[in-house]
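> The structure's right below; bear with me while I get my questions together.
All of the numbers you see were taken from the coordinates with simple rules; none came from a lab. All figures in this text were calculated on a predicted structure; none of them were measured in a lab. Methodologically, a virtual Cβ is constructed for each residue, glycine included, from the backbone with ideal geometry; neighbour enumeration extends over all protein chains shown.
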Amino acid sequence: MGSDIPGLYNMTPEERMKRVMLETGLSVEDVEGISQGGASISILDGMIENVIGTFELPVGIATNFIMNSTERLIPMAIEEPSVVAAASKAAKIARINGGFTVSTTDQIMIGQVQICDLEDPGKARDILTGKKQELLKFANSRDPLLVKFGGGARDLEFRILDSPVGQMLIVHILVDTRDAMGANAVNTMAEALAPGLEELTGGKVVLRILSNLAVKRLATAEAIFPKEELGGKEGVDMIMKAYYLATVDPFRASTHNKGIMNGVSAVVRATGNDTRAVEAGAHSYASVSGRYLPLTEYHINENGDLVGRITLPTAVGLVGGATRVHPAAKAAIKIMGVKTASELGEVLAAVGLAQNLGALRALAREGIQRGHMKLHARNLALQAGASAEEVDEVVKRLVKSGQVSASMAVNIINDLRK
Ligand code: NAD
C-alpha cells in the first residue's frame with residue numbers, strides 16, 4: 001500500500017473511497033460502515049440512552065504517513081477545516097526522511113482506590129504491600145478473558161496524600177489492558193478489591209475508578225523535517241521561536257496542544273474510542289511536571305533540519321466500548337491497518353506531531369487564516385444560500401475579494417443572480 005496519493009484532494013468522495021479501497025484492499029462490506037448512513041439506528045440505539053437520531057461528521061483521509069516503514073492512510077472524523085490537509089502536508093515533509101519513528105510503552109492503565117479514615121496510613125500501606133500478590137490474584141480473577149489475552153493486574157502502588165479531610169491512602173492498581181482501552185476492566189477490578197482493602201486496613205473506601213492520567217501507557221513519535229520544506233533557516237528559526245513561546249507561556253501552550261489534539265481526537269473519534277479520555281490524559285500529562293507544557297519538543301540537528309518529538313498517553317483500544325460496535329469505527333481500523341492498541345497509540349502520536357508541525361509551519365509563515373479561508377468561504381457561501389451550481393463561483397469571488405464575510409457572500413450571490 002502507498003499512502004502518498006497525489007490528487008486525492010481533487011477527487012469526488014466516491015472516487016476517493018474507490019482509491020482508498022484500492023490501496024488498502026478493503027471490501028465493499030468493509031467500507032459500507034463508513035459510508036453515509038452506514039450505522040443502523042438499531043446499533044446506535046444500543047450505544048447510549050434515549051436515542052432519537054444521529055449526528056454525522058465528515059471522515060477525511062490524511063495521506064503520506066509512514067510509521068516505522070509502514071505506510072498508513074489515516075481516517076479522521078472532524079468538523080474543522082484544514083486539519084486533514086495540514087496533517088497530510090506535514091506527513092509529506094516527514095516522509096522525505098522516512099516518515100515517523102514510533103514506539104510505545106506497555107499498555108498499562110491505572111485504577112485508583114481511595115482509602116480514608118485510616119488511623120495510620122503508613123501502617124495500612126505496609127499491610128497491603130505484604131498482601132500484594134494475593135490482591136493481584138484476586139483482581140485477575142475478575143477478568144479471566146483479559147488474562148487469557150495476556151493482560152491483567154500487574155502491580156500495586158501506594159501513595160499517601162494530605163487533604164483538607166486528613167491523610168488518605170491511594171492504591172494504584174496497574175493493569176495491562178492489552179487491546180482494550182480498559183476503563184471497564186480496571187473499574188471492575190478496583191471495585192472488586194475495595195471490600196478486601198477496607199477489611200485489611202480498617203479504613204473507608206470512597207472512590208474506585210480509573211485514572212485518565214495514563215502515564216504508563218505512552219506513545220512516542222519522532223520525525224525529521226528538512227529545512228528546505230520549512231522556508232530554510234529563517235523558517236526553522238521562526239518555528240523554534242513559536243515553539244519556545246509554548247514552553248514558557250501556558251496561554252500559548254494551551255493552543256499549541258489544542259492543535260495537536262485536532263489530529264489526535266479526530267483519529268480517536270473515527271475509531272470509536274473515547275475522545276474525552278484521551279484529551280484528559282493528554283492535558284494532564286502536559287502538566288505532570290507541575291507546569292503546563294507543550295506535548296511536543298523540537299530541536300535543530302547538525303544539518304539545520306527540524307527534529308520534532310511527541311510523547312502522550314494513548315488510552316485507546318481495538319476491542320470494547322464502541323470500537324467493535326460502530327461499523328464506521330471498524331472500517332477506520334481496517335483503513336489504517338493497525339492490529340493492536342499499541343499500534344493505534346503510535347498512529348495517534350505520529351498524527352499529533354504532524355498536526356503540530358503543520359500548524360507551526362503555517363502560523364510562523366503565513367498565519368493560519370489563509371489556509372482556512374477557502375473552506376471558510378465555502379461555508380459562508382452555503383450559509384448565504386448559494387445553490388450547488390453557484391457555490392464554486394461564489395467561493396472564487398469571495399476569496400478574490402479579500403473580504404471573506406457573510407455580507408460579501410450575500411452581495412456576490414445577488415450579483416450572480418442578476
Ligand atoms: P470493555 O469492558 O467493553 O472491553 C474490555 C474487555 O474485553 C476486557 O476486560 C476483556 O475481558 C475483553 N477482551 C477481549 N479481547 C481482548 C483483548 N484482545 N485485549 C483486551 N481485552 C480483551 O471495554 P473497556 O476497554 O474496558 O472500556 C472502554 C469504555 O469505557 C469506553 O467506552 C470508555 O468510554 C468507557 N469509560 C471510560 C472511563 C474513563 O475514561 N474515565 C470511565 C468509565 C468508562
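> So for each of 122-132, 317-327 I average, over its residues, the number of other beta carbons within 10 Å; can you give me the resulting order with the highest mean first?
Per-residue mean Cβ counts within 10 Å order the peptides as 317-327, 122-132.
> Can you tell me the Rg and Dmax of region 42-176, counting just the alpha carbons, in angstroms?
23.2, 62
> To make sure I understand the rule: partners must be lysines, Cα under 21 Å from the Cα of residue 330, and not fewer than 8 residues away in the same chain. Which ones qualify?
Counting by Cα, and skipping residues close in sequence, residue 330 has these lysines nearby: 18, 339.
> Give me the aspartates and glutamates in straight-line cross-link reach of residue 396: C-alpha distance below 18 Å, same-chain residues under 8 apart excluded.
415
> Across the chain, how large is the tail of the calculated P(r) beyond 28 Å, expressed as a percent of all Cα pairs?
56
> Hey, another quick one. With both partners inside the chain, how many of the DSSP beta bridges are antiparallel, as a percent to the nearest 5?
Counting only bridges with both partners in the chain, antiparallel ones make up about 95 percent.
> Sticking with this one: When the convex hull of the Cα atoms of region 238-286 is projected onto a plane and the area is averaged over all directions, what value comes out in nm²?
Over every viewing direction, the Cα hull of region 238-286 projects on average to 3.5 nm².
> Now for a different question. Rg/Rh for region 290-348 to two decimals, with Rh computed the Kirkwood way over all alpha-carbon pairs.
Over the Cα atoms of region 290-348, Rg/Rh equals 1.16.
> Could you give the length gained on full extension between residue 11 and residue 29, defined as 0.36 nm per residue of separation minus the Cα-Cα distance, in nm?
4.3 nm
> Once you have all Cα-Cα distances for region 106-184, histogram them in 10 Å bins from zero and send the whole-percent values.
Histogram of Cα-Cα distances, whole percents per bin: 19, 44, 27, 10, 0.
> Which translational diffusion coefficient, to the nearest whole µm²/s, is obtained for region 241-351 from the Stokes-Einstein equation, given a Kirkwood hydrodynamic radius over C-alpha pairs, 4 °C and 1.567 mPa s?
Translational D for this selection: 87 µm²/s.
> Same structure again: Semi-axes, largest first, in whole Å: what does sqrt of 5 times each Cα gyration tensor eigenvalue give for region 1-50?
Values for region 1-50, descending: 29, 12, 9 Å.
> Now, a different point. Can you tally the lysine pairs in region 87-221 where the Cα-Cα distance is under 26 Å and the two residues are eight or more apart, or on different chains?
Number of lysine pairs found: 14.
> Given 20 °C and 1.002 mPa s, compute D for region 1-92 with the Stokes-Einstein relation, Rh being the Kirkwood radius over Cα pairs; round to the nearest whole µm²/s.
Roughly 145 µm²/s, to the nearest whole number.
> Whole percent per 10 Å bin, from 0 to the bin with the longest distance: what is P(r) over all C-alpha pairs of region 297-418?
Over region 297-418, the share of Cα pairs per 10 Å bin runs 12, 24, 18, 26, 17, 3, 0 percent.
> Bin width 10 Å, alpha-carbon pairs only: give the P(r) of region 208-270 as whole percents, running from 0 to the bin holding the largest distance.
Histogram of Cα-Cα distances, whole percents per bin: 16, 32, 38, 11, 3, 0.
> Given the options 36, 355, 383, state which has the largest fluctuation in a GNM of the chain using a 10 Å cut-off (strictly under) for Cα springs.
It is 383.
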